[in-house]
Amino acid sequence: MAFESADLANVYYAVLLKDIGCTANAERLFEIYGADDLQIKSDFRRVDAQDMLQLLRYVASHVTPFSPLRRRLARLIWIIRNGKHLQVN
């Protein structure tokens, strides 16, 4: 199978993005949390997602961490209200 040069260029740049940590769900995680997706993923490994109190603490501590409290609370409420519809692939 031969690749066109444009296809090879696309694969090359996609691999570069992957290697620097740009994953398919990075943008979506930032959309939801307004924070660093790598930190979100790393910390989530230590959360029991079946424990709602632990999950709430995790979300509250990771949502827009450098924003004013009012903005953080608004984002947290938005996540709680829409949580069932927020999917990250």
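Scan region 56-77 for residues that are assigned to a loop (DSSP other than H, G, I, E, B) and not polar (S, T, N, Q) and jot them down. Across region 56-77, the qualifying residues are 63, 65, 66, 68.
Whether a residue is exposed (fewer than 14 other Cβ atoms within 10 Å of the Cβ) and small (Gly, Ala, Ser) was assessed, and residue 2 passes this test.
So, in region 25-49, of the ones that are among the small types (Gly, Ala, Ser) and either modelled with pLDDT of 90 or more or exposed (fewer than 11 other Cβ atoms within 10 Å of the Cβ) (or both), which residue ends up farthest from residue 83 (Cα to Cα)? Before you say what the answer is, go through the steps one by one.
So the first thing to find is which residues in region 25-49 are among the small types (Gly, Ala, Ser), and the list is 26, 34-35, 42, 49.
The next check asks that each one be either modelled with pLDDT of 90 or more or exposed (fewer than 11 other Cβ atoms within 10 Å of the Cβ) (or both); those that pass are 34-35, 42, 49.
Details: 34: 15, 35: 17, 42: 20, 49: 13 Å.
Ranking the qualifying residues of region 25-49, first place goes to 42.
Within the set 88, 63, the sole residue that is touching a residue at least 60 places away in the same chain (Cβ under 8 Å) and touching a Lys or Arg at 6+ places or on another chain (Cβ under 6 Å) turns out to be 88. Taking region 7-26 only, how many residues are part of a helix (DSSP H, G or I) and either in contact (Cβ under 8 Å) with a residue 40 or more places away in the chain or more than 18 Å from residue 79 (Cα to Cα) (or both)? The qualifying residues number 13. Note on region 27-55: residues that are in contact (Cβ under 8 Å) with a residue 12 or more places away in the chain, in a helix (DSSP H, G or I) and out of contact with any Gly (no Cβ under 8 Å at 6 or more places or on another chain) total 10. The requirement of being out of contact with any strand residue (DSSP E or B) (no Cβ under 7 Å at 6 or more places or on another chain), among the basic types (Lys, Arg) and surrounded by fewer than 13 Cβ atoms within 10 Å (Cβ to Cβ) is not satisfied by residue 75.
The values are calculated or read from the model by the stated rules, or taken from the named source; none is laboratory data. Keep in mind the model is a prediction, meaning the values are calculated, not measured. In this analysis, Cβ positions are derived from the backbone assuming ideal geometry, glycine residues included, and neighbour counts consider all displayed protein chains.
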